[in-house]
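Could you have a look at this structure, given as structure tokens, before my questions?
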Amino acid sequence: MEIIKVNLGARSYPIYTGAGILQNLGGYMRDLPVGKNVLVITNPTVRHLYCRIVEESLAEAGYCVTVGEIGDGEEFKTLNTAKSLYDLAFDSGIDRSSPVIALGGGVVGDTAGFVAATYLRGVPFIQVPTTLLAQVDSSVGGKVAVNHPRGKNIIGVFYQPRLVLADVSLLKTLPPRELRSGLAEVIKYGVIWSEEFFTWLEGKTGLLLACETDALTRVVRESCRIKANVVEEDETEGGLRAILNYGHTFGHAVEALTGYKKYTHGEAVGIGLVVAARLAESLGFLAAADCTRIESLVSRAGLPREIPENLTPKDIVGCFYHDKKTVGGRLTFILPGRIGKVDIIRDLEEHLILDLLRKTRGQLEEDKGMGQF
Ligand code: NAD
Ligand code: GLY
């Protein structure tokens, strides 16, 4: 087991990482000044797989546990779900000292975190992420939110957990598609922060896709260290933290225009990583060889890299005006200058993005045409 610390003054917390550590949850919580009445929030899939280990560990450490279930899927990340959890918290006597524990992927973590942040103006929150995406990204950094019918993550706050436990052995039961989706956020960290990590990923993709424990452990630890560094510098996204959104502007557009059904969040981010790299190359910021390395790694991770044909460049660009990074109509993009370093580019002119998207589409159609002869 290794602890990675997120240093945020009074809101600092440990991330416990390793394989086979879920059963120690109750023990790790002993150092926290929290009450003995605990609400665990999970979904039916994860409950069936891992809730018993959590309940036994908590009972052994003297906690009294209530388990609350939410539906499995993005469509359950809503205010309605939060309301049903407030009812359960009330009925089970949760007070200001009682921890809420999220046991699940990003959907459970974001929803449970939103409930913990708002119930009684905030109760202690603990993250036990069970997907790769949640272990490397959503459980760390304190963004919690639910969706609004008009958009994703529209209703939320920054609320840091008191403890994160990331047990990579839980990833063995993850559907392969979800494992690949998590790798999109991992590749993101290589591009925005560390060429060394990116190069290591290039050599280990096979092991990661085969769920090899040591490789996954390194990925989770390195990703959490990078995210902790960024969040320590800029907790509430006044500046630097925006780099964590590399690939997400195009990704969010693809997700929104396909009704959040065709792609997982990670798959849409995979497309976004590639398209943002191509934009950087077309603007002369990124060398062609680096762009190719990003495209290849996304492909090797089994992620899609092209915007679906039925979405027009105008549709895509239209979405950017609802992106949280777009303020006052100024289009802002996170673009790589090389692998390991990105810049925040403000006031990008719309036609430059439209040109790139049209050019890529033309190129793809040309390639397809060639294939027919
Ligand atoms: P998810 O929570 O929907 O989980 C994916 C699927 O895997 C679900 O069906 C779940 O039941 C199943 N599952 C979870 N753990 C499992 C396990 N160990 N074994 C078998 N099945 C398991 O999806 P996700 O990719 O974890 O999270 C996506 C969500 O995270 C989105 O809502 C996104 O907006 C949010 N997100 C938040 C942040 C943040 O900073 N808060 C960052 C990135 C993404
Ligand atoms: N997932 C982006 C962030 O935490 O800021």
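Being outside any loop (DSSP other than H, G, I, E, B) and more than 6 Å from ligand 1 (Cβ to nearest atom) is the filter here; which residues of the stretch 129-143 pass it?
129, 132, 135, 136, listed by residue number.
What do you reckon, is residue 249 touching a residue at least 40 places away in the same chain (Cβ under 8 Å) and surrounded by 23 or more Cβ atoms within 10 Å (Cβ to Cβ)?
Yes: the conditions hold for residue 249.
Here's another thing I want to ask about it. Given 171, 183, 240, 163, which one is farther than 27 Å from residue 323 by Cβ, at pLDDT 95 or above, of a type outside the set (Gly, Ala, Ser) and more than 10 Å from ligand 1 (Cβ to nearest atom)?
After ruling out the rest, the residue left standing is 163.
For residue 72, state whether it is in a loop (DSSP other than H, G, I, E, B) and within 15 Å of ligand 1 (Cβ to nearest atom).
yes
Restricting the stretch 211-263 to residues that are of a type in the set (Gly, Ala, Ser) and more than 17 Å from the chain's Cα centre (by Cα), which is nearest to residue 151 (Cα to Cα)?
Top of the filtered list is 259.
Of everything in the stretch 107-128, what is more than 9 Å from ligand 1 (Cβ to nearest atom) and either under 15 Å from residue 15 (Cβ atoms) or at pLDDT below 95 (or both)? Give them in sequence order.
Those that are more than 9 Å from ligand 1 (Cβ to nearest atom) and either under 15 Å from residue 15 (Cβ atoms) or at pLDDT below 95 (or both): 125, 126, 127, 128.
Answer yes or no as to whether residue 249 is more than 13 Å from ligand 1 (Cβ to nearest atom), in contact with a strand residue (DSSP E or B) (Cβ under 9 Å, 6 or more places away or on another chain) and part of a helix (DSSP H, G or I).
yes
Residue 191: within 16 Å of ligand 2 (Cβ to nearest atom), touching a residue at least 60 places away in the same chain (Cβ under 8 Å), of a type outside the set (Gly, Ala, Ser) and within 17 Å of residue 297 (Cβ to Cβ), yes or no? Break it down into steps so the answer makes sense when it comes.
On the way: within 16 Å of ligand 2 (Cβ to nearest atom): yes; touching a residue at least 60 places away in the same chain (Cβ under 8 Å): yes; of a type outside the set (Gly, Ala, Ser): yes; within 17 Å of residue 297 (Cβ to Cβ): yes.
Against the criterion (within 16 Å of ligand 2 (Cβ to nearest atom), touching a residue at least 60 places away in the same chain (Cβ under 8 Å), of a type outside the set (Gly, Ala, Ser) and within 17 Å of residue 297 (Cβ to Cβ)), residue 191 qualifies.
When you go through (1) over 24 Å from residue 188 (Cβ atoms); (2) hydrophobic (A, V, I, L, M, F, W, C); (3) surrounded by fewer than 20 Cβ atoms within 10 Å (Cβ to Cβ) one by one for residue 154, which number turns out not to apply?
Only one criterion in (1) over 24 Å from residue 188 (Cβ atoms); (2) hydrophobic (A, V, I, L, M, F, W, C); (3) surrounded by fewer than 20 Cβ atoms within 10 Å (Cβ to Cβ) is unmet by residue 154, namely (1).
The values are calculated or read from the model by the stated rules, or taken from the named source; none is laboratory data. Nothing here was measured: the structure is a model prediction, and the numbers come from that model. We place every Cβ from the backbone using ideal geometry, glycine too, and count neighbours over all the protein chains shown.
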